Amino acid sequence: MSQMSRPSPARPGAKLLDFLVCPVTKGPLRYDAERDELVSPAARLAFPVRDGIPIMLVSEARVLD
């Protein structure tokens with residue numbers, strides 16, 4: 001049986017990414033397309049992007065190793 005392919009996740013718009021900052025450090029974020037996350041190197045947190053919408057809640061962030 002063949003598997004259905006999933007559509008690629010929606011990426012946040014470039015203009016939106018220019019305005020977003022880390023809610024903890026207020027520093028810049030980097031978009032990780034492979035994991036569909038916004039990464040804050042200073043806070044060592046990765047914020048998920050769901051359906052093109054960044055979820056900027058610390059409670060939803062993944063702690064980076």
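Laboratory data are not the source of any read-out in this text; all were calculated from the coordinates shown. Predicted model, so just to flag it, every value in this text is computed and none were measured. So basically every Cβ, Gly included, is an ideal-geometry build from the backbone, and we count neighbours across all protein chains shown.
Could you work out the pair-distance distribution P(r) of segment 14-63 from its alpha-carbon pairs, with 10 angstrom bin width and percents rounded to whole numbers?
Final binned percentages: 29, 63, 8.
What does the extension gain come out to for Ser59 and Leu16, with contour length at 0.36 nm per residue minus their alpha carbon separation?
Here the answer is 13.4 nm.
Can you tell me the relative contact order of the chain? Whole percent, Cα pairs under 8 Å, sequence separation 6 or more. Spell out each step's value before the answer.
On the way: 94 pairs, mean separation 17.9, N = 65.
This gives 27 percent for the chain.
With only Lys, Arg, Asp and Glu charged, each at its Cβ (+1 for the first two, -1 for the last two), find how big the charge dipole of the chain is about the Cα centre; round to the nearest 20 debye.
Roughly 80 debye, rounded to the nearest 20.
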